[in-house]
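The values are calculated or read from the model by the stated rules, or taken from the named source; none is laboratory data. What you are looking at is a predicted structure, and each value in this text was computed from that prediction instead of being measured. For neighbour counting, all protein chains shown are included, and Cβ atoms are generated from backbone atoms with ideal geometry for every residue, glycine included. All accessible areas refer to the heavy atoms of the entire protein, side chains included, with ligands and DNA or RNA removed. Shrake-Rupley method; radii C 1.70, N 1.55, O 1.52, S 1.80 Å.
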Amino acid sequence: MAAKVVPAVPAMASTASLLLYMTMGRWSDYLFGTGTPQETQNILGQLFRSKFNRFSHQFTEAVIIDGEMAGLILAYSHRTKRSLELPTAGQILRLTGMMGFMRFVWRVLPLLGVKESERDEYYISHIAVLPDYQGRGIGTQLLAHTENRAREQGFRRIALVVGVDNERAMAFYKRRGYKIVERIEMRASMRRIGLPGAYRMLKDL
């Protein structure tokens with residue numbers, strides 16, 4: 001059966017939380033301070049079910065194959081991304097409590113100056129495909145779908161961020177026209193959990 005891209009809905013949260021975790025891994029464990037991948041995925045799932053946050057189904061498209069969710073892409077304009085920062089923080093406070101939220105704020109502070117996107121850009125925040133469905137062109141389909149949506153909204157550039165050690169993802173994006181435009185240094189994160197930094201990648205539409 002052909003893969004179909006559809007708007008995500010809250011009921012997809014169980015699989016979506018795993019897919020979101022695949023894009024973040026130990027970085028999300030560190031940020032949310034949960035201690036286990038399962039607890040982190042629980043938080044991601046609750047954020048996905050909700051609206052007006054950076055992980056919401058509201059900004060997500062899902063790939064469905066034979067009735068099952070196989071992958072997702074979460075993307076929005078730079079302006080929308082900026083407008084979601086405070087609502088996201090508020091929802092994380094509700095989910096983690098004051099102590100958990102203060103830990104989150106302390107750990108996210110080094111990222112406040114990181115430039116993920118610019119004013120005239122559409123931004124891909126997360127893209128992932130379940131292992132059993134990889135190698136079927138689903139990632140390419142998701143990228144093309146989102147690029148078309150960005151064009152329809154009048155954007156001429158689309159951006160994303162990828163870890164400098166994620167060579168497989170970097171090669172995938174380069175084959176599809178994305179170019180590295182900037183290296184993002186995260187020295188505090190490098191010291192704390194060994195994250196080596198990231199590249200900002202850009203494609204002209």
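Inspect all residues belonging to segment 168-187 and state whether any of them is in a helix (DSSP H, G or I), in contact with a helix residue (DSSP H, G or I) (Cβ under 8 Å, 6 or more places away or on another chain) and either under 27 Å from Ile43 (Cα atoms) or modelled with pLDDT under 95 (or both). Among the residues of segment 168-187, at least one is in a helix (DSSP H, G or I), in contact with a helix residue (DSSP H, G or I) (Cβ under 8 Å, 6 or more places away or on another chain) and either under 27 Å from Ile43 (Cα atoms) or modelled with pLDDT under 95 (or both), which makes the answer yes.
Answer with yes or no whether Thr40 is open to solvent by less than 10 Å² (accessible area, probe 1.4 Å) and modelled with pLDDT under 95.
When the stated conditions are applied, Thr40 passes them.
Considering segment 114-149 alone, what residues qualify as being among the hydroxyl-bearing types (Ser, Thr, Tyr), crowded, with 20+ Cβ neighbours inside 10 Å and within 17 Å of Ser17 (Cα to Cα)?
Ser125
When the residues of segment 150-167 are filtered to those that are assigned to a helix (DSSP H, G or I) and under 23 Å from Lys115 (Cα atoms), the one that is least open to solvent (accessible area, probe 1.4 Å) is Ala150.
Note on segment 1-31: among residues that are open to solvent by less than 40 Å² (accessible area, probe 1.4 Å) and small (Gly, Ala, Ser), the one that is nearest to Ala62 (Cα to Cα) is Ala8. Among the residues here, Met102 does not qualify as open to solvent by 40 Å² or more (accessible area, probe 1.4 Å), assigned to a helix (DSSP H, G or I) and closer than 30 Å to Gly137 by Cβ.
Elements of the type helices (runs of 4 or more DSSP H) sitting completely within segment 1-78 and holding at least 3 residues that are aliphatic (A, V, I, L, M) and touching a Phe, Trp or Tyr at 6+ places or on another chain (Cβ under 8 Å): these cover 13-24, 37-49.
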